[in-house]
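Right, one structure below, let's go through it.
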Amino acid sequence: MMQQYLDAKNACGDALLLFRMGDFYELFYDDARAAARVLGLTLTSRDKGENPIPMAGFPYHQLESYLAKLIANGHRAAVCEQVEDPKLAKGLVKRELTRVVSPGTLTDDALLDPRESNYLAAVALPVRKNNGDSSAGIAWAELSTGRFFAATVQSARIGDELARISPAECLLTEEDAPASSPLFPVPSRTMVTRRPHWVFGLDTAQATLQKHFQLASLDGFGFTDSDSPALRAAGAVLDYLCETQKASLAHIDRLTPYRGGELLEIDEASRRSLEITRTIRTGDREGSLLAVIDKTVTPMGARLLADWISNPLTSIAAIQLRQSAVSEFAADDKLREELREQLRGVYDLERLLSRVATGRASPRDLSFVCRTLAALPKLKAKITARKSALLSDLETNLDLCPEIHVRLQSALLEDCPLVAKDGGILRGGYSGDLDRLRDLAAGGKEWIARYQAEQAKATGITNLKVAYNKVFGYYIEITNSQKDKTPATYIRKQTTVNAERYITPELKEYEEQVVTADERAKELEYELFLSLRACVEREARRLQATAAVLAQLDVLSALAELARQRSYVCPTIVDQPILKIVDGRHPVLDIRESQGTFVPNDCLLGDEDGLVALITGPNMAGKSTYIRQVALITLLAQIGSHVPAREATIGIADRIFARVGASDELARGQSTFMVEMTETARILNTATARSLVILDEIGRGTSTYDGISLAWAIVEHLHDQLGCRTLFATHYHELTDLAQSLPNVRNLNVAVKEWEDHVVFLHRIVAGAADKSYGIHVARLAGVPKPVNERAKQILARLEEEHLGENGRPKLTLKGKPSRKGDLQLTLFAAPEHPVVDELRQLKLDNLTPLEALQQLARLQSQVAAKS
Ligand code: ADP
């Protein structure tokens with residue numbers, strides 16, 4: 001048996017092998033040690049002789065929960081089952097690897113978060129890096145729904161794509177750079193699995209894909225010659241699925257080319273800092289934009305919403321299509337509520353179907369498909385004759401699949417079991433053969449009861465009992481007190497403390513019929529179940545299309561619900577690079593703060609309102625909140641959602657860049673300032689006139705003068721070279737002078753009220769530059785001890801005396817408007833005044849004779865000569 005184990009272990013690579021032995025799954029050697037650690041199992045040993053083998057195990061019915069734990073702890077696991085009945089096996093029971101489970105290949109409900117897509121991705125790097133070939137391939141598939149995409153992108157964008165897809169597992173070749181290197185910024189939640197180099201080869205990949213899809217060429221899917229990197233990655237994904245799943249992958253029936261151009265691009269750092277689907281601090285969904293806007297009522301809807309928010313659109317027409325559907329639902333409370341109520345009654349059709357396709361669907365799964373189909377006609381009626389073009393399209397595409405429904409309905413009992421082999425699945429009347437066998441089984445049982453009554457009467461033993469156990473089957477039990485009345489025809493089988501047990505020929509004959517009838521009924525029922533499942537599988541494509549419609553209806557009505565609950569407005573989407581938001585709110589804070597306490601703010605950019613807004617103000621005033629809110633409103637607008645504002649006109653953005661704070665990068669082991677500058681460089685190199693850029697405290701990671709200089713130059717570049725909409729929050733008020741030299745820069749600041757030595761943050765954005773940093777006040781609010789605060793005030797006063805000019809501005813900034821931009825930069829950082837200048841200034845010319853004046857001039861000249 002250990003040989004059988006070792007063969008299986010060799011075949012499953014680095015996965016932990018769960019080896020079925022009777023009623024247990026056992027692990028051996030290092031696997032046992034790892035499992036004991038992760039699962040808290042007791043480590044025992046097999047062959048207690050000289051070379052004991054470490055062993056750990058758990059009962060078979062706990063498989064799913066232990067698998068979940070292993071996966072959550074970053075392991076892969078392979079399951080090796082007994083594939084023949086141990087009772088019938090001659091010699092060693094045959095065993096086979098039936099599945100390999102890893103984070104990217106989960107299909108079981110118990111292991112999946114219903115609200116999240118669970119993608120397996122593969123990255124194919126350029127083959128000839130030195131030839132200047134920089135296109136890489138990325139492919140991603142979701143086994144539980146059958147979705148499969150591939151794209152060819154610049155290799156520098158791989159990190160952004162991975163951040164967008166956020167796969168559970170990513171395949172790389174054995175030779176690729178370490179996953180944590182800047183080359184591969186694989187998200188931290190993604191498990192990396194190394195695969196042999198050759199599965200990423202173009203020929204191998206094409207062969208794998210063509211074989212699976214049974215196609216002579218992949219052109220039909222829309223791939224072109226330049227898409228070979230995408231196909232290499234797709235081949236690697238499919239190869240891995242075939243190897244690990246040992247089940248049909250028929251539901252993966254197409255490979256969709258993914259073209260990023262139609263989508264709003266958001267790079268990895270911006271996604272993270274905007275906390276779109278996860279928060280920065282905890283990495284959780286809770287607290288993210290997605291979590292607060294998610295009002296969906298089905299898991300399919302929740303996943304689709306996550307997909308929409310990760311992939312906002314750039315086509316005005318496509319956005320308006322969604323908008324009008326959302327508006328229609330928002331305008332009709334009754335319609336929306338009824339529709340959502342009906343959607344609550346549908347099951348996760350997408351994932352049910354994938355289990356059908358991979359042969360893992362239980363009878364209960366099929367009954368859930370049936371219940372979902374039963375809910376469809378009413379749902380369809382709700383969206384009939386709607387004004388919105390999208391809704392009427394969805395109505396047309398909502399295939400009720402009536403034949404499948406009728407078939408399932410007539411076959412399945414109301415409450416179906418999770419296991420298919422124990423019967424209890426099919427209704428009476430569905431199959432004549434099954435009914436006959438069941439009658440026999442049930443009649444037999446009745447017969448036993450009748451037999452007991454007859455025997456009791458015939459023998460006069462009133463407490464005579466016919467019972468059943470596994471060893472003897474049916475037997476007659478007679479208590480010791482009645483033993484004397486036992487007829488001679490009874491055959492004694494067993495003596496217990498209080499009673500004797502007998503059998504009779506009639507009893508055994510009936511038992512035979514009853515038992516086999518029951519077993520035969522279960523076998524037949526299992527076969528009928530399999531053919532029912534095959535029938536659903538044949539129609540999987542139609543059902544998937546229906547599932548897609550349900551998901552969209554859920555998302556559209558959920559966005560409408562959100563709009564109504566939080567008083568969102570439908571934004572006007574335009575092509576010009578402008579932003580006009582009246583009374584905008586931060587979608588996340590707006591929901592977290594109790595209603596009405598969030599202070600709304602306007603944002604005007606574009607046309608004569610300027611393109612670059614510089615927001616100054618003390619820490620904690622609300623600068624970050626404001627600039628993020630503008631980015632998030634834009635993002636929501638581009639998924640077709642209404643937005644938290646009283647009025648909004650949003651010019652389509654092709655990219656959103658957000659560079660917010662640097663503090664959290666420390667955890668990633670990189671120099672904060674280096675990261676900050678790398679990301680800023682990317683923005684400056686890739687933003688276009690149609691992008692939206694929000695920058696928060698850029699330059700903070702270095703010394704003040706460095707920081708100001710960089711921030712200054714960055715704003716100039718954004719303004720002069722890129723001309724993109726920019727919100728720049730900073731606590732360097734020196735930068736506010738930029739508004740004087742650059743025509744499209746506007747100063748904004750956050751209103752603050754000073755009251756008896758306190759600062760009250762009003763969180764209101766107003767025009768103009770802030771003139772104080774209020775840092776010390778904030779420190780006091782934060783609980784910095786009073787003496788420290790007092791001392792800081794003294795130091796501040798002295799610094800202000802020495803470094804601030806008459807107008808309260810730092811002396812190093814320019815006063816007055818410069819003639820040219822170059823001058824401005826020079827003056828800003830000019831050397832301190834020569835002392836001679838001051839002496840010159842002090843000279844009282846009226847009191848000097850010409851000779852004295854000449855002498856002074858000679859003296860000053862020699863001073864200058866001596867200094868320089
Ligand atoms: P800054 O970037 O200026 O340091 P933040 O944007 O981080 O300040 O805001 C500090 C805190 O102020 C936030 O955590 C939030 O609780 C609160 N806040 C910010 N803006 C608003 C607002 N418009 N209305 C209400 N509270 C706000």
Item to check | Cross-link pairs beyond the 26 Å C-alpha cut-off, checked among Lys94/Lys493; Lys9/Lys246; Lys90/Lys508; Lys94/Lys508; Lys90/Lys465; Lys465/Lys493 | outcome: Lys94/Lys493; Lys90/Lys508; Lys94/Lys508; Lys90/Lys465
Next on the checklist: To make sure I understand the rule: partners must be aspartates and glutamates, Cα under 13 Å from the Cα of Lys522, and not fewer than 8 residues away in the same chain. Which ones qualify?
Outcome noted: Asp422, Asp433, Asp435, Asp439
Checklist entry - What is the chain's relative contact order, in percent, from Cα pairs under 8 angstrom and six or more apart in sequence? => result 9 percent
Checklist outcome for this item: Expected sort for Tyr475, Tyr430 with the fewest Cβ neighbours (10 Å cutoff) up front is Tyr430, Tyr475
Checklist entry - By how many degrees, between 0 and 90 and to the nearest 10, does the Cα long axis of helix 363-382 differ from the longest principal axis of the chain? => result 60 degrees
Checklist entry - Quick one: helix 672-686 against the long Cα principal axis of the chain, what's the angle to the nearest 10°, folded into 0 to 90? => result 90 degrees
Checklist entry - So which chymotrypsin sites (Phe, Trp or Tyr not before Pro) in region 535-629 end up in coil per DSSP with only 12 or fewer other C-beta atoms within 10 Å? => result none
Checklist entry - Rounded to the nearest 500, what is the chain's calculated 222 nm mean residue ellipticity when only DSSP H runs of at least 4 contribute -39500 (n - 2.57) each, over all residues? => result -13500 deg cm²/dmol
Checklist outcome for this item: For region 264-338 the trypsin sites (Lys or Arg not before Pro) that pass both the DSSP coil test and the at-most-14 other-Cβ-within-10 Å test are Arg281
Item to check | the chain - Rg and Dmax from Cα coordinates, angstrom | outcome: 37.3, 157
Checklist entry - Looking at the chain, what % of its DSSP beta bridges pair antiparallel, to the nearest 5? => result 60 percent
Checklist outcome for this item: Going from the fewest other Cβ atoms within 10 Å to the most, one would list Ile71, Ile615 as Ile71, Ile615
Checklist entry - Ranked by Cβ crowding within 10 angstrom, fewest neighbours first, how are Cys570, Cys242, Cys170 ordered? => result Cys242, Cys570, Cys170
Next on the checklist: Using Cα-Cα distances under 8 Å and only pairs 6 or more residues apart, what relative contact order does region 149-239 have, in percent?
Outcome noted: 34 percent
Checklist entry - Of all trypsin sites (Lys or Arg not before Pro) in region 391-467, which ones are in loop regions per DSSP and have a Cβ with at most 14 other Cβ atoms within 10 Å? => result Lys421, Arg427
Item to check | Proximal aspartates and glutamates relative to Lys295, as straight alpha-carbon distance under 15 Å, when same-chain residues fewer than 8 apart are discounted | outcome: Glu116, Glu286, Asp307, Asp333, Glu337, Glu338, Glu341, Asp554, Glu561
Checklist entry - Helix 850-867 versus the longest principal axis of the chain: what is the Cα-based angle in degrees, 0 to 90, to the nearest 10? => result 30 degrees
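Values quoted throughout were computed directly from the atomic coordinates according to the rules given, and no laboratory measurement underlies them. Just so we're clear, the structure is a prediction, and the values are computed from it rather than from any experiment. As a convention, Cβ positions derive from the backbone with ideal geometry for all residues, glycine included, and neighbour counts pool all protein chains shown.
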